[in-house]
Amino acid sequence: MNTMFSEIAWLIPLFPFVAFLLLLASGRSGQGLGVTIGTVGSLASLVLSILVLMEHMSDGSKYYQDGFKWIDLGSFQLNIGYEVTNLSALMLVVVTAVSFLVNVYSAGYMKGDERISTFYSYIALFTFSMLGLVLADNMLTLYIFWELVGVCSFLLVGFWFTKPAARAAAKKAFIVTRIGDAGLLIAILLLFWYMPDHALDFVRIENVFEGQSGTVAAGVTTLIAILIFVGAVGKSGQFPLHVWLPDAMEGPTPISALIHAATMVAAGVYLVARTFDIFQASPAAMETVAYVGGFTALFAATIGIAQNDIKRILAYSTVSQLGYMMMALGLGSLTGGIFHLFTHAFFKALLFLGAGSIIHAVHTQNINEMGGLGSKMRITAWTFGIGALALSGIPPFSGFWSKDAILTTALHENPVLFVVGIIAAFFTSFYMARLFFLVFTGRPKGEGRIHESSLTMTIPLIILAVFAIGAGFVETPWNNTLGEWLTGAAGADHSGSGLVMVVSTAVGALGIYLGWLVFVKGTIARDAVSSRAPWLVGLLERKYYIDEIYAAVIVKPLRGLGSLLNAIDQYIIDGIIAIIGGTAVLLGRGGIRLQNGQVQTYGLITVLGLVILIIAVVGRRFWS
Amino acid sequence: MISELPILSLITFSPLIGIIILALLPRGSSRWLRVTAIGTAILPLLLSLWLYADYDSAKDGKPYEEQVTWVDTHFDRLSDGASNSLSFKLQYHMGIDGLSLPLLLLTTIVALMAALASVHIKKRWKSFYIWFLLLEIGMMGVFMARDVILFFVFFEMTLIPMFFLIGIWGYMGREKAANRFLIYNGIGSAIMLIAFVLLISTAGFSIESESVQFFSGSYDVIKANLMDPQAAVNAASAWNGNYGNLFMSESMHWTIFILLLIAFGIKLPIFPFHTWMLRVHTEAPPSIVMIHSGILLKMGAYGLLRFGIILFPEQAHEWATVLAVLGVINILYGAVLAFVQKEFKLVLAYSSISHMGIVLLGIASLNEIGLQGAMIQLVSHGLISALLFLIVGSLYERTGTTELGELGGLARSMPFMSGVLLTAGMASLGLPGLSGFIGEFLSLLGLFESMRILTAVAVLGVILTAVYVLRSVLAITFGPMQEKYVALRDARLIEAVPMIALVAFIVLIGIFPAVLTEPMKHGFDTLLQQLSGKVGG
C-alpha cells in the first residue's frame, strides 16, 4: 500500500486557499502580483493532484481517509474530513487542470482590469472550495464546500457589479441554486437521523445502502435520494432549476469556462455519483434522475438552436450535456456519467475559452455580428472547431466516446431515452454548426482590425484541444480502463455499441451538414422555419417562457403576499398591540390623577389594596 | 487564582469606574469622554475573556458563584405564634455556567464595538456614555443573576438607559419610539414580575429547620424544589398541611410557564408582539441598535431558556410543538416582510424576527443538538446584527439615507465596507464557514428529530433569507452608482477596527464552533436528564 501523496492530499485545496488569503490581504494594491500568486497556487495543486492520481492508478493503493471532530455534542458528533478515492483523484486533476489553464488564460483576458487582483482572489477561493467539495469524506463537509462554491460562483457572476444585468444574474444564480440546496439540506437531516450511529460519511452510507439492505426503509431511501437529487438539479442546472445558468454568463468568460462549464456545475453529477448507492437502492429515484436528465438534454438543446449570444448557446449546451450525464447515472451507468463529465470538462472549457478569445477580439457576443473570423484567428478557429466536433460527438474526438457510452447504456436500459438522446445529439451538432459557421466563415461584419489573441490565451486553448481530442481513449468499447478503475467491476455490456456508433455519428454528421446547407451554402433559407412557424421560433427564443412563468407564479405572488402582510403588520397587528399598550398608559394616567395629595384618597387606596391582598392570599389557597 | 476573586461582580460593575471618571470630566471634551468610555468597555471584555480561559465546562460553573444575603425580612406568622418565624430572603447571587458564559462574552464584545461605533454620536457625549455604561452593567447582570428578583432588577436596569438613549440620541421619531419601547417592555416586565412573585411564593419556599422557614428568590432553591417536588411537598406538608396542594398544582405550573413565555416572548420578540422593536430599529442611533438587536433581544431568549424551559421542562415538552410553530411563523413572517421593505433598517429588523424564530426552533427541539444550536444562534445573530448596524451607522453618516431605492453601486467608492456588508449578509443567510450556519444547522438538525414536517417548512426560510438578504445588500452595493456618491470615503480606521473584529469572531465561530460548544457542553445536562427521566420514562 502506498498512500504517500494521498496522505498530503489536504494540501491540494490549501494552496489556492493560501493564495486567496494573500490576495485578500494585499487588497487592490497587488495588481500584477495577483496573477502570479493565483497561478502559482493552482499550479502547485495541479502538480500534487497529478501525483495523487498516478498513485491511484498504480496497483495496490486505493483509499486514504483522514479527518477531525468538528462539533462535539456529547452523544453526537459532526466531523470534517477528506478522503481520496479513485473518483475524487480523477476529479482533482480535472478541477486543478482547468483551474490552472484558466488562471493562465485570464492573465491575458483580464489584462488592464483594475480589479484583476480581486478576480484572482475569487478564482483561488473557488478552486479551494471546489477541491474541498471533491475531497469531502462526508455529507456535511460536502455541503459546506457546496455552499462555498455557490458563493464564489455568485461573486464571479456579479464581478462586473455595476451592470444591472450582472447584479440580477448573480442574485438569480445564488437564489435558484439555494432552492436546490434546501433539498440537499433536508436530505442531510434525514440521513443524520436515519443512519445508524448518525453517520454521514460516504463509506458508511455506501455500506448501509449497498444492495438495498433494508436498514433504512424504502420510502425514506427514495425521499433521501430525491432530495439529494434536488440539490444536484440546482447546481447542475437541470430542468426546472436550469434558469440561472444561462444568465450566469454575465460573468467574465474565463469564469464561465471554469465554474459554469467544467467544474462547479458538474458538482451535481459528482454528488449523485458519490451517493450512488442511495440512488441504486431506490428504483423510483433512479428513474427520476434518468428522465429529468434526458428531458433536460433535449429541452436545452432545442433552446440552443435559437439563441444568438455565443455564450448563451454554450450555456444551454452545458445544461444539455449535464442532462446526458444525469441520464447516464439514472440509467445505472456511473462510468458513463463520470466519463462524460471528464471529457466535457475539457472540450467545454475549450469552447468557452475560445469564445472568450473571440469576444476579446470583436467586442460583441452576438454571433450575427460576427463572421469570417476563421482566417484572422487561426488558432482560435482550429481549437474551437475541435471542441465543437468533440461536443457534436464526431469520432475520434473525446465527446464521441463518452456520448457513445451513455447512448449504449440507454439502448439497453430504456429505448425511449435512447431516442431522446439521439434527437438531442442531432440538435447539438446543428446548433454547434450554426455557431461555428456564423462566426468563422462568411464575410466579416464588424469594423476594425481583428487579431488573434495573445499567447497566454492561445496556449491554454491548444492544451485543451489536445485533451478534447485524446481524453476519450481512456474508455472505449474495446478498452474499459476507466470503468474498471472507477467501479472496480468489469466493463459494462457493450453489445450494440457498433449500432450506436453508427447512428450517433450519422446523426451528428447530419446536423453539421444541415448547418452547412443553411448557414454556408444557403441552399435552405435561414428563415425557412421562422417564416412558416414564427411561434415556434419565438417559443425557443424566449426559452419556453420559463422565466416568465416563474415571475408570474412565484415572484409576483410572493411580493404580493409580502405587501399584504406588511399592511396587516402596520395597521392591524400594530394597532391591536397599540390598544393594549394604550390601556396600560390610561391606567397609569388614572394612577397619576389619584395622587392628588389628599390623605383620604391615599387611605382609601391603602384599604382597597389591603382588601385585594387579603382576597389574593385567601384565594390562593383555593387555587388548584 | 481567578476563583479567589469576586470575578463576576468585578466584571459586572467594572463599568462603574468609567462612569465615575465620566462624571468628573467636563461635558464638552468629547475626545476624552469617548476615550474613557471605550477604555472602560475594554475592561469587562478582558475580564470575561479571562473567565472564559479559566472556565471548565465539566464543573458546569460550580466554582464561579458569588453570594451575599441581600434582603432578609422576618415576619411573624399570624396563625402559629411568634415561635415559628418566617422570612423573606433575597440574595445578591451571581453565577456563571454554560448558558451565561457565551452570552456574557457576546455582551462584552458587542458593547465594546458599540462604544467604538458611537463616534457618530454628535451631542451630549457625557450623559450618552454614562447611560451606555449603565446599560452594560444591566446586561451583564442579567446574564449572571441567580436570584429572580436580582434578575428582575438588572433587567429593569437595561430599560431605563435604553429609554433615554433612544429618546435623546435617536432619529426623527425617537421620542415616540422610546415611549413605545418603555411601554411594551414595561408590560413584559410586569408580567415577568407576576411570574416571579408566584415562583417565590410557591417553589421559593424552603424549610431550613423547624423554626426557620423562608420564601426565597434563589434560583437554586426554586429549581431544586421544582425538580424534586415530592421532597419539597413532603417537607412542606409536614410543616403545614395545606401548602402542598398549591405547590404541586399543575395549573400553577402552567400559569407561571405561560406568563414567562409571554414576558420573554415580548422581548425576543415572538410574533405578534414584535411591532415595538421595529421602531427601535429604525429610530434609535445605530450604535444603540447594535446593543438592542445584538444583546437585548437575546435576554428574552435567555430568560425563556433559564426560567421557562429549565424550570418547567414538562410544560415545555408538552408545548414543544407550539414553540416550534411560533418559531416557524417568526421565520417565514419575518422573511416575507423583510423581502418587501424599502428601508434597509426595516429589512434588518424583520430579519431579526426571522432569525429569532430559529432560536425558538432550537429550543423547541428540547434535545442537546437543538438547544446548543439555539445558543449558538443567539451569539451568532448578536454578532451579525451588531456588524450590520455598525455598517448602517457608517453608511448613514455618509449618504444620509438607508432607503434601498436611493442607494446602489457603493462597492465602487467603498469596496471595503461593501465587502464587509456582503460578508455580514452571507453570515446572516447562513453561509457555511460563518457563524450563522452553525446555529441554523444545529437548530434544524435538533428539531428534525421530533418534528420533521415543521423543520422542512422552516427550511423554506433558508431560501427566503437568501432572497431578502441579497435583494437588500446588492441594492446597496451592486448596480449603477449615483453621481453624488462618487466621492464617498471608505471606512476610517476607527470604523474598520470593530468591523474587522466582528467579522473575525463570526469567522472564528463558523470555522471552530468548539469555541462555543465546549463551554456549553454540560449546560443542559440537568434539563436533558429531567426530560428523559420525567417525560421519556
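If only one of A:VAL520, A:VAL503 is aliphatic (A, V, I, L, M) and surrounded by 15 or more Cβ atoms within 10 Å (Cβ to Cβ), which one is it? Even if it seems obvious, please write down each step before you answer.
Details: A:VAL520 fails: surrounded by 15 or more Cβ atoms within 10 Å (Cβ to Cβ).
The conditions single out A:VAL503.
Counting the residues of the stretch A:297-333 that are more than 18 Å from A:PHE276 (Cβ to Cβ) and in a loop (DSSP other than H, G, I, E, B) gives 3. From the list B:LEU444, B:LEU410, B:LEU383, the lone residue that is within 20 Å of the chain's Cα centre (by Cα), touching a residue at least 12 places away in the same chain (Cβ under 8 Å) and buried (at least 19 other Cβ atoms within 10 Å of the Cβ) is B:LEU383.
Selection of the stretch A:155-183 for residues being more than 8 Å from chain B (Cβ to nearest Cβ) and within 17 Å of the chain's Cα centre (by Cα) yields A:LEU155, A:LEU156, A:VAL157, A:ALA169, A:LYS172, A:ALA173, A:VAL176, A:THR177, A:GLY180, A:GLY183.
Evaluate the following for B:LEU337: is it more than 14 Å from chain A (Cβ to nearest Cβ) and crowded, with 23+ Cβ neighbours inside 10 Å? For B:LEU337, the condition - more than 14 Å from chain A (Cβ to nearest Cβ) and crowded, with 23+ Cβ neighbours inside 10 Å - is not met.
Residues in the stretch A:558-579 include none that are among the acidic types (Asp, Glu), out of contact with any His (no Cβ under 7 Å at 6 or more places or on another chain) and within 28 Å of A:GLY237 (Cα to Cα).
Restricted to the stretch A:8-27, and to residues that are β-branched (Val, Ile, Thr) and under 20 Å from A:LEU51 (Cα atoms), which residue is surrounded by the most Cβ atoms within 10 Å (Cβ to Cβ)? Break it down stepwise before answering.
Of all residues in the stretch A:8-27, those β-branched (Val, Ile, Thr) come to A:8, A:12, A:18.
In the following step, the residues that additionally are under 20 Å from A:LEU51 (Cα atoms) were identified as A:8, A:12.
Values: A:ILE8: 14, A:ILE12: 28.
Restricting to residues being β-branched (Val, Ile, Thr) and under 20 Å from A:LEU51 (Cα atoms), the top hit is A:ILE12.
Of the residues contained in the stretch B:22-34, none is found to be within 26 Å of the chain's Cα centre (by Cα), in a loop (DSSP other than H, G, I, E, B) and closer than 30 Å to B:LYS122 by Cα. If you go through the stretch B:442-451 and keep only what is at the interface with chain A (Cβ under 8 Å from one of its Cβ atoms) and part of a helix (DSSP H, G or I), you end up with B:LEU442, B:LEU444, B:LEU445, B:PHE448.
Just one of the listed residues (A:ASN79, A:ASN86, A:ASN103) is away from every other protein chain (no Cβ under 11 Å), modelled with pLDDT of 85 or more and in contact with a His (Cβ under 6 Å, 6 or more places away or on another chain), and it is A:ASN86. In the stretch B:475-517, of all residues being surrounded by fewer than 15 Cβ atoms within 10 Å (Cβ to Cβ) and of a type in the set (Val, Ile, Thr), the one that is farthest from the chain's Cα centre (by Cα) corresponds to B:VAL486. Taking each residue of the stretch A:564-583 that is at the interface with chain B (Cβ under 9 Å from one of its Cβ atoms) and closer than 19 Å to B:ASN179 by Cβ and looking for partners that are polar (S, T, N, Q) and surrounded by 11 or more Cβ atoms within 10 Å (Cβ to Cβ) with beta-carbon atoms closer than 7 Å, six or more apart or interchain, yields A:ILE573/B:THR275; A:ASP574/B:THR275; A:ILE577/B:THR275.
Say whether the condition of being closer than 18 Å to A:VAL176 by Cα and of a type outside the set (Asp, Glu) is met by at least one residue in the stretch A:569-585. Checked the stretch A:569-585: no residue is closer than 18 Å to A:VAL176 by Cα and of a type outside the set (Asp, Glu).
I'd like to verify a number: residues in the stretch B:161-177 that are within 20 Å of B:GLY265 (Cα to Cα) and either away from chain A (no Cβ under 14 Å) or without any contact (Cβ under 8 Å) to a residue 40 or more places away in the chain (or both), how many?
We begin by selecting, within the stretch B:161-177, every residue within 20 Å of B:GLY265 (Cα to Cα); these are B:162-163, B:177.
If we keep only those that are either away from chain A (no Cβ under 14 Å) or without any contact (Cβ under 8 Å) to a residue 40 or more places away in the chain (or both) as well, we get B:162-163.
Number satisfying all stated conditions: 2.
Among helices (runs of 4 or more DSSP H) lying entirely in the stretch A:149-261, which contain 1 or more residues that are of a type in the set (S, T, N, Q) and without any contact (Cβ under 8 Å) to a residue 12 or more places away in the chain? Reasoning before the result, please.
On the way: elements: A:164-194, A:202-209, A:218-235, A:244-247, A:253-257.
Ranges flagged: A:202-209.
Look through B:MET499, B:MET520 and report the one residue that is in contact (Cβ under 8 Å) with a residue 12 or more places away in the chain, over 30 Å from A:GLU250 (Cα atoms) and more than 11 Å from chain A (Cβ to nearest Cβ).
Values: B:MET520 fails: more than 11 Å from chain A (Cβ to nearest Cβ).
The match here is B:MET499.
When you scan the stretch B:424-436, do you find a residue that is in contact (Cβ under 8 Å) with a residue 40 or more places away in the chain, at the interface with chain A (Cβ under 8 Å from one of its Cβ atoms), out of contact with any Leu (no Cβ under 8 Å at 6 or more places or on another chain) and over 27 Å from A:TYR194 (Cβ atoms), even just one? Within the stretch B:424-436 (the criterion being in contact (Cβ under 8 Å) with a residue 40 or more places away in the chain, at the interface with chain A (Cβ under 8 Å from one of its Cβ atoms), out of contact with any Leu (no Cβ under 8 Å at 6 or more places or on another chain) and over 27 Å from A:TYR194 (Cβ atoms)), the answer is no, since none of the residues qualifies.
All conditions in (1) more than 14 Å from every other protein chain (Cβ to nearest Cβ); (2) touching a Gly at 6+ places or on another chain (Cβ under 7 Å) hold for B:ARG124, with the sole exception of (2).
Among the residues of the stretch A:184-194, those identified as at the interface with chain B (Cβ under 10 Å from one of its Cβ atoms) and surrounded by fewer than 22 Cβ atoms within 10 Å (Cβ to Cβ) are A:LEU190, A:PHE192, A:TRP193. Please go through the stretch A:457-468 and give me each residue that is farther than 10 Å from A:ILE379 by Cα and surrounded by fewer than 16 Cβ atoms within 10 Å (Cβ to Cβ), ordered by number. Residue satisfying the conditions is A:VAL466 alone.
Being within 14 Å of chain A (Cβ to nearest Cβ) and either surrounded by 24 or more Cβ atoms within 10 Å (Cβ to Cβ) or of a type outside the set (Phe, Trp, Tyr) (or both) narrows it down to one residue among B:ILE309, B:ILE258, B:ILE266; which is it?
Details: B:ILE309 fails: within 14 Å of chain A (Cβ to nearest Cβ); B:ILE258 fails: within 14 Å of chain A (Cβ to nearest Cβ).
Just one listed residue meets the conditions, B:ILE266.
Filtering the stretch A:65-92 to residues that are surrounded by fewer than 22 Cβ atoms within 10 Å (Cβ to Cβ), part of a helix (DSSP H, G or I) and hydrophobic (A, V, I, L, M, F, W, C) leaves only A:LEU87.
The values are calculated or read from the model by the stated rules, or taken from the named source; none is laboratory data. Just so we're clear, the structure is a prediction, and the values are computed from it rather than from any experiment. Virtual Cβ from ideal backbone geometry, glycine too; neighbours counted across all protein chains shown.
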